[in-house]
1. Which count do you get for residues in the stretch 35-51 that are free of Cβ contacts under 8 Å to residues at least 40 places away in the same chain and open to solvent by less than 90 Å² (accessible area, probe 1.4 Å)?
2. I2 passes all but one of (1) over 10 Å from the mean Cα position of the chain (by Cα); (2) at pLDDT 95 or above; which number fails?
3. Quickly run through the stretch 21-64 and pick out the residues that are closer than 15 Å to M1 by Cα and either of a type in the set (S, T, Y) or in a loop (DSSP other than H, G, I, E, B) (or both).
Amino acid sequence: MIAYIRGKLVFIREETIVVDVQGVGYEILCPNPFVFQKSLNEELFVHTYHHVREDVQQLYGFKDED
């Protein structure tokens, strides 16, 4: 399970953010990705939920644990 991601925020898209962690870009689904706007091109910490199903793996991200 992936509990959090810490790295540089490189993209904000309509439904996702992309965080670069030592050269690997993690695409993270967010309910409102624009809450991370202030952290663009800076290091940030994202709480995550790693959802695994038979046909897909998805990483959901949130600003806080709640």
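The values are calculated or read from the model by the stated rules, or taken from the named source; none is laboratory data. Since the model is a prediction, treat every value here as computed from it, not as a measurement. Reconstructed Cβ throughout: ideal geometry from the backbone, glycine too, with neighbour counts over all protein chains shown. Each accessible area value is taken on the protein alone, full model and side chains, heavy atoms only, with ligands, DNA and RNA left out. Shrake-Rupley method; radii C 1.70, N 1.55, O 1.52, S 1.80 Å.
1. 6
2. The number of the failed condition is (2).
3. Within the stretch 21-64, Y26, T48, Y49, R53, V56, Y60 meet the criteria.
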